[in-house]
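The values are calculated or read from the model by the stated rules, or taken from the named source; none is laboratory data. Here the structure is a predicted model, which is why all the values come from computation and not from measurement. Heads up, the Cβs are rebuilt from the backbone with ideal geometry, glycines too, and the neighbour counts pull from every protein chain shown. Remember, those area values only see protein heavy atoms, side chains included, never the ligands or the DNA or RNA. Shrake-Rupley method; radii C 1.70, N 1.55, O 1.52, S 1.80 Å.
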Amino acid sequence: MKNPFSRSASFVLGGSAAIGAMLAVSVVASAGGGFDVETEAAAPARAADVLPSFSRARTADDALPASAQAGLARLLAGGAPSEALNPGTPLPTDSRKTISAYGQTTYLVPTDKQQACYVVSPSGDAGCTDGSAIARDGLEWGLVDPDGFDAGAPTVVHGLTGEGVTGVSVATGATSHPAIVRDGAFYLELQSKPTAITVRFVDGSDKEWTIPAPPAP
């Protein structure tokens, strides 16, 4: 797994080869709970094809606000380490608004290289994906905690979901917390360190991943 566009702070990433985060990175982890991805699904022709929000008509409410455009600009400002890891230029005229919760709103934006980026506004968390992990697993997920795990600010668990996903829940020990899921994205804030994430599909089946403990500071 690669995380080409990461910045500072505490972040755990599960999912694809291209998804990244604006605020953080202390460890990068695979969806299976390890620290490497041995095999990856082929990327779809367009990442937007596996995100439900792009299958509906765009409305005026989907317009990308200035704060979200700034978040994407910060994400991409440093450039990719190689052309293979370059998600392309975002196309804000085809953006989609997904979840509004906890005072934050998540937007999805396709790129001219057939990938898709997400940006959370006003927090500025952002990343891009080629869609391969969504096609394979039904989701990509990340954890962000701007002041470090187990400190004052809540831990944010957010990510992207594919067609056929009906729910996402995050465990903190023996307690399960349902995330808000809408239009190909999910979002949750927690006061305790998450230990596992589960996705449920329309056929009633589940997939679960252990969230690896972050390394000691």
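Is it true that Ser8 is in a loop (DSSP other than H, G, I, E, B) and either at pLDDT 85 or above or surrounded by fewer than 21 Cβ atoms within 10 Å (Cβ to Cβ) (or both)? Spell out how you get there, then give the answer.
Numbers: in a loop (DSSP other than H, G, I, E, B): yes; either at pLDDT 85 or above or surrounded by fewer than 21 Cβ atoms within 10 Å (Cβ to Cβ) (or both): yes.
Judged against the criteria, Ser8 is a match.
The set of residues in the range 41-64 that are open to solvent by 40 Å² or more (accessible area, probe 1.4 Å) and more than 24 Å from Ala133 (Cα to Cα) comprises Ala57, Arg58, Thr59, Ala60, Asp61, Ala63.
Can you find a residue in the range 147-162 that is open to solvent by 60 Å² or more (accessible area, probe 1.4 Å), acidic (Asp, Glu) and out of contact with any Pro (no Cβ under 8 Å at 6 or more places or on another chain)?
Checked against the condition, which is being open to solvent by 60 Å² or more (accessible area, probe 1.4 Å), acidic (Asp, Glu) and out of contact with any Pro (no Cβ under 8 Å at 6 or more places or on another chain), the range 147-162 yields at least one hit.
When Gly138 is tested against the conditions (1) among the small types (Gly, Ala, Ser); (2) free of Cβ contacts under 8 Å to residues at least 60 places away in the same chain; (3) surrounded by 17 or more Cβ atoms within 10 Å (Cβ to Cβ); (4) farther than 19 Å from Ser95 by Cβ, the lone failure is (2). With respect to Thr166, is the statement that it is polar (S, T, N, Q) and open to solvent by 10 Å² or more (accessible area, probe 1.4 Å) true? Yes, satisfied. Quick one: would you say Leu76 is crowded, with 17+ Cβ neighbours inside 10 Å, more than 19 Å from Trp141 (Cα to Cα) and modelled with pLDDT under 90? When the stated conditions are applied, Leu76 passes them. Exactly one residue among Gly127, Gly159, Gly88, Gly142 is under 19 Å from Gly71 (Cβ atoms) and part of a loop (DSSP other than H, G, I, E, B), and that residue is Gly88. Scanning the range 104-135 for residues that are surrounded by fewer than 24 Cβ atoms within 10 Å (Cβ to Cβ) and either small (Gly, Ala, Ser) or over 20 Å from Ala80 (Cα atoms) (or both) yields Gln104, Thr105, Ser121, Pro122, Ser123, Gly124, Ser132, Ala135.
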